[in-house]
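Scroll down for the structure; my scribbles are underneath it.
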Amino acid sequence: MAPIRKVGMENHNKWVVVNAPTVAWANAIFPELESDQAFRRLSELLDEILKLHEENPVESWNRQNIKLKTIASRLNAYQFDALEFKSDYTELYVRLVRQHVWTGGAEKQTTVVCFYQISL
């Protein structure tokens, strides 16, 4: 398994993980709705997240990629020592390693084809 994982992680080939909506997933996210309504709402939400409602989804993802790369570059310039998260319910302090790297958006395949990683 290790050689197969290495090929995928080094972007030698295109790969995809598909999060297809299911009734069980919809019910978990929208427990207050009937199953058919929950499924419809989840499908609509995924269409929005995946930019399928856009006139040109590919161009929309390209614009999003530029934004993510810009933000990652700014965060990398800061080289924070730590991140602190506080709210009424939590207080979390996370120390970061030196020379940490922020990333996001599209990656280039070894053939220079661009592909996106979308995490839900």
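Every number in this text was worked out from the coordinates using simple rules, so none of it is lab data. Keep in mind the model is a prediction, meaning the values are calculated, not measured. We place every Cβ from the backbone using ideal geometry, glycine too, and count neighbours over all the protein chains shown.
When the chain is fully extended, how far beyond the present Cα-Cα distance does Val18 get from Asn65, taking 0.36 nm per residue of separation?
Details: separation 47, 0.36 × 47 = 16.92 nm, distance 1.94 nm.
Gain on stretching Val18 to Asn65: 15.0 nm.
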Check your understanding: In µm²/s, what is D for region 16-115 at 20 °C and 1.002 mPa s, where D = kT/(6 pi eta Rh) by Stokes-Einstein and Rh is the Kirkwood radius from Cα pairs?
Key -> 125
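As a footprinting exposure proxy, order Tyr89, Tyr78 by other Cβ within 10 Å, with the fewest listed first.
Details: Tyr89 5, Tyr78 9.
Lowest to highest Cβ neighbour count: Tyr89, Tyr78.
Take Arg41, Arg5, Arg98 and order them by how many other Cβ atoms sit within 10 Å, fewest up front. Working shown, then result.
Numbers: Arg41 15, Arg5 9, Arg98 6.
Starting with the residue having the fewest Cβ neighbours, the order is Arg98, Arg5, Arg41.
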Revision key, fill the gap. Percent relative contact order for region 16-115, counting Cα pairs under 8 Å at least six residues apart, stands at 17
